[in-house]
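In what follows, a single structure is set out as structure tokens and then discussed.
Readers should treat all values here as calculations from the given coordinates under stated rules, not as data from a laboratory. Predicted, not measured: the structure shown is a model, and the values here were computed from it. Using ideal geometry, Cβ is built from the backbone for each residue, glycine included, and neighbour counts are taken over all protein chains shown.
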């Protein structure tokens, strides 16, 4: 086999290996970049009961009930990039649009020998998604442990509601998929080099002496 064709085949094989490994990394290691994707698991949030003023009696106000469901991607949350989503609907299941959502993630870290440290606050800029009723915000978390999600909602009818939910953040360590992809690239390159070496050696041996 001519040496030029061997090199050409080696280059094509290496580019194909790199392409598929890079495609795997971009597809699986970076979720949520292809538009809105509905999270698989949603958790209902329950608003705390309103405070009652015992000093005076007021007529009960008739308020429309809303259902607020929380979902995170990934679940549970991890150190690094995350996505926090809310699905807001009526009791009949109809999505509710034009809701003003403000969110804050709070963590109160503790250090051995120093007690509680100043609270860590992370604002969540929730925005309406393409799918009606969905609101989402990105969250880049630098610490694992217990976090508290605090939400303040203002509905189109002027009604206000607040929620609080505890969330756990874990440390997954290095992305195993990315490491596996790079490992496959290195292994493929080594194998390709060995095949190329043996092919060139065989080709040289087949050339008659004196040519």
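Given R₀ = 25 Å, what would the calculated FRET efficiency be for residue 79 paired with residue 155, taking r from the Cβ atoms and rounding to 0.05?
Details: r = 34 Å, r/R0 = 1.35.
Calculated value: 0.15.
For 90, 72, what ranking results if the residue with the fewest other Cβ atoms within 10 Å of its Cβ goes first? Before the final figure, lay out each step's value.
Working: 90 13, 72 20.
Ascending Cβ contact count within 10 Å gives the list 90, 72.
Based only on other Cβ atoms within 10 Å, what is the fewest-to-most ordering of 135, 155?
Values: 135 23, 155 16.
Placing the least packed residue first, the sequence is 155, 135.
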